[in-house]
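Step one of this worksheet: look at the structure below.
The values are calculated or read from the model by the stated rules, or taken from the named source; none is laboratory data. Bear in mind the structure is a predicted one, so any value in this text is a computation, not a measurement. Note: accessible area is taken over every heavy atom of the protein model, side chains too, but ligands, DNA and RNA are not part of it. Shrake-Rupley method; radii C 1.70, N 1.55, O 1.52, S 1.80 Å.
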Amino acid sequence: MTERIDPAVAAKIIQALASYLKRDPASITEAHHLRDDLGLDSVAIIELLFEIEERFKLQIPDQDLPGLSTVGTVAAYVQRRLAESKTESKPESPKPVTAASKPKSAKSTKTKSKPTSAKSPSPKKAAAVKFASAGKPKKTSAGTSRKKKVAAR
């Protein structure tokens, strides 16, 4: 069963593609393959998906990228994610206040918690930092790099 794609979602994605490719939006259809038909390489696809994330205010996890090969699959994916976020953001009905759930007196003996340390970087940022520093030789206490010491042996 193929799902019906909202024309507004498809139009926004096609507009983002047309803007990126500097093409007429009418020349792009849902059947176009991002690589084969539109000539996007992996970097261009990542940039396009970043633009789509910005336009639709959602995040696309890396593990979902391989399934996004055509304009139509991207549109269907975005539509599905938007529907999921709408169902998740529905407020729950308020619970009635009972005598047991009423707050106690203002003189509670709560202990103050210690402030938490700085947030650790996200896994993507941590990987980027790790990748950026991977090629640099580490200095030893004598000030020479490990690579030079190994080569001297």
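Compactness of segment 7-85 is given as radius of gyration and Dmax, 11.4, 32 Å, from Cα positions. Think of a 1.4 Å ball rolled over the protein heavy atoms: segment 7-85 then has 54 Å² of accessible area per residue. When the accessible area of segment 7-85 is computed with all protein chains present and a 1.4 Å probe, what percentage of it is carbon and sulfur? Looking at segment 7-85 in its full context, I get 54 percent from C and S.
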